[in-house]
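**Student:** Dropping a structure here in C-alpha cells format, bear with me for questions.
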C-alpha cells in the first residue's frame, strides 16, 4: 500500500525516501518555477514546492487518477543561495562553470522547501544547510561539469558526486537536505498528517 504521492521526478529524492523505507507513488506535473521577488529567500523553495503539490493535486482529482485523490502529496524544491542571491539550475556548460567558480572557496546555503498536502491540511517548512567549498581550480570545475553534467541541479552540483566528496570543506546542517530532501523532518511531518 502506497503511503503518499511524491510530486518530484528527482532521482535523489526518490532514493532518499526509499532509504527511509517509505512507500510512495511518483506523479509529476510541469509547473512554473518562478516566484515573486518580494518573497523572503527561505520562502522561495516553499512557494515553488507548493506550486508542484497543487498541480499534482489538481491532476489526481481527475477521473483517470481517482485512486490517488485521497493520498497525501509531498513536494519539494531546493535552491542554493550565495551572498543573498538565489542560484538556480545552470542553463548550459558555461553557466555551470561560472556558478561553481563563484561557489569555490565560499560559504553558501542550500535551502529545501517542503510542502505536504492532505486534503485541506498543509504542512510547509524549509530546511537550511550551510556549505563551504575548498578553493577549486578551473580545471577541476570544467572536468566535473563535463563528466557529471549537473544541469538539473541547483547550484550546479550534487554533494554525493565527486565534487562533494573532494570539494566540500565543511557542512553545517542536514547532509540529506543538500541532496534535496531533509528526510528525517519529512518522515516526522508525514507522521503528523
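**Student:** Considering only residues that are at pLDDT 95 or above and surrounded by fewer than 18 Cβ atoms within 10 Å (Cβ to Cβ), which ones fall in segment 144-160?
**Tutor:** 146, 147, 148, 149
**Student:** For residues that are more than 17 Å from the chain's Cα centre (by Cα), at pLDDT 85 or above and over 16 Å from residue 30 (Cα atoms), tally how many sit in segment 46-81.
**Tutor:** 2
**Student:** Here is a further query. Any residue in segment 38-64 that's touching a residue at least 24 places away in the same chain (Cβ under 8 Å): show its pairings with residues that are surrounded by 21 or more Cβ atoms within 10 Å (Cβ to Cβ) and assigned to a helix (DSSP H, G or I) at Cβ separation under 7 Å, as long as the two are six or more apart or on different chains.
**Tutor:** Matching pairs, first to second residue: none at all.
**Student:** Sort through 18, 37, 23, 33 and tell me the only one that's more than 30 Å from residue 133 (Cα to Cα) and either surrounded by fewer than 20 Cβ atoms within 10 Å (Cβ to Cβ) or touching a strand residue (DSSP E or B) at 6+ places or on another chain (Cβ under 9 Å) (or both).
**Tutor:** None of the other options fit; the residue is 23.
**Student:** Considering each of 141, 171 in turn, give the residue that is farther than 25 Å from residue 33 by Cα, more than 13 Å from the chain's Cα centre (by Cα), surrounded by 19 or more Cβ atoms within 10 Å (Cβ to Cβ) and modelled with pLDDT of 95 or more.
**Tutor:** Answer to the check: 141.
**Student:** Among the helices (runs of 4 or more DSSP H) contained in segment 108-193, which hold 1 or more residues that are over 24 Å from residue 97 (Cα atoms) and in contact with a strand residue (DSSP E or B) (Cβ under 7 Å, 6 or more places away or on another chain)?
**Tutor:** 183-192
**Student:** I'm trying to understand the selection: among the residues of segment 16-34, which are closer than 20 Å to residue 151 by Cβ and touching a residue at least 12 places away in the same chain (Cβ under 8 Å)?
**Tutor:** Across segment 16-34, the qualifying residues are 28, 30, 31, 32, 33.
**Student:** Return yes when residue 67 is over 25 Å from residue 191 (Cβ atoms) and in contact with a helix residue (DSSP H, G or I) (Cβ under 9 Å, 6 or more places away or on another chain) and no when it is not.
**Tutor:** No; evaluated as a whole, the condition is false for this residue.
The values are calculated or read from the model by the stated rules, or taken from the named source; none is laboratory data. These numbers come from a predicted model, not from an experiment. No Cβ is skipped: glycine too gets one built from the backbone with ideal geometry, and neighbour counts run over all protein chains shown.
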